[in-house]
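No lab work stands behind these numbers, since they all come straight from the coordinates. Remember, predicted model here, so these are calculated numbers, not experimental data. Positions of Cβ are generated from backbone atoms using ideal geometry, with glycine treated the same way; all protein chains shown enter the neighbour counts.
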Amino acid sequence: MTGTGGAARFDRVVLIYNPTQGRDRLAEELRAELSARLPGIPVTLQPTAFPGHGREVARSAGSGRPLLVSISGDGGYNDVVNGALDAGGEAVCAVMGAGNANDHRRSTRTLPIAEAIVRGEVRRIDLLSLTVGEGADRWSRYAHSYIGFGLTALMAIGIEKGIKGRFTELMSVARAVRGLTPVELIRPDGAQAVLDSLILANIPRIAKYGRLSEAGYPDDGFFEVVMLPHARRWRIGLMALRAATVGLGVQESVRRYEFTSTGTVPLQIDGEVMEAGAGMPVLVESRHRALATLG
């Protein structure tokens, strides 16, 4: 589909971005290009004002048939995806990679974002649905790419605080490993495991340099389970080196994964760091083709 094909699937374009680090310039440039190439489609700019604001913006703009474009990294796009699903409409979501890792964009990119919008060829991909706790303490969130427990959250904190660049970021990861506390999990069947890291992934690559799986298709109804049992620190280093070079190979694929942690566990959802309290049940499920997207 070319030309004004986008008009058949969405009636307006909303560009959502944090107006820092040059993202305001990227948003202006994209608006100018889309306005010239899709003159019949309104294109509006919507800057965010605080962490999590992207979800509110997407929720407010998500009714009807909009295209919501997040000009951000993985965390900002996570906000937009969750806001669009909150709205419950027919919104299409897309991301223009403007963050540090841009794992989702790197793994799913088919076209430059402006060209993809003009063509308007919408496809559907899976999401990961995370539910933590039960009763009044229950909370949930969607992930477009991965959910990591243990080491991945510490890595994210270390990379965010450190200087950007491949060598310095790997050094930040090494420092994070030194502060690692193992995660003790109990599965519903009573089986127990002590892990340094657990990653549930909808894409084959995360953390910019790591290749988790030879599969990891984001639209097959499954996600990959990557476990690193508790081990000496040098083994964690070897795992990280392997992921950054040859990859970790074929991993187990499932539709559902459930456990309870004996202690508070840090978790990372598409780059956003949170935590699950001790003793809270954790459930992750694949939501097949839940997200309409392009690009």
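Table for the structure above
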{"item": "Leading residue at positive end of dipole, the stretch 5-121 (Cβ point charges), from L34, T48, G83", "result": "L34"}
{"item": "Global form of the stretch 5-121, assessed from the alpha-carbon gyration tensor, a/c cut-off 1.5", "result": "rounded"}
{"item": "Amide H within-cut-off set for A98, under 5 Å, with H built and near neighbours excluded", "result": "S72, G73"}
{"item": "Highest-first arrangement of 37-50, 264-277, 118-131, where packing means the average Cβ count within 10 Å", "result": "264-277, 118-131, 37-50"}
{"item": "Global geometry of the stretch 81-133, whether rounded, prolate or oblate, following the gyration tensor of its Cα atoms and the 1.5 cut on a/c", "result": "oblate"}
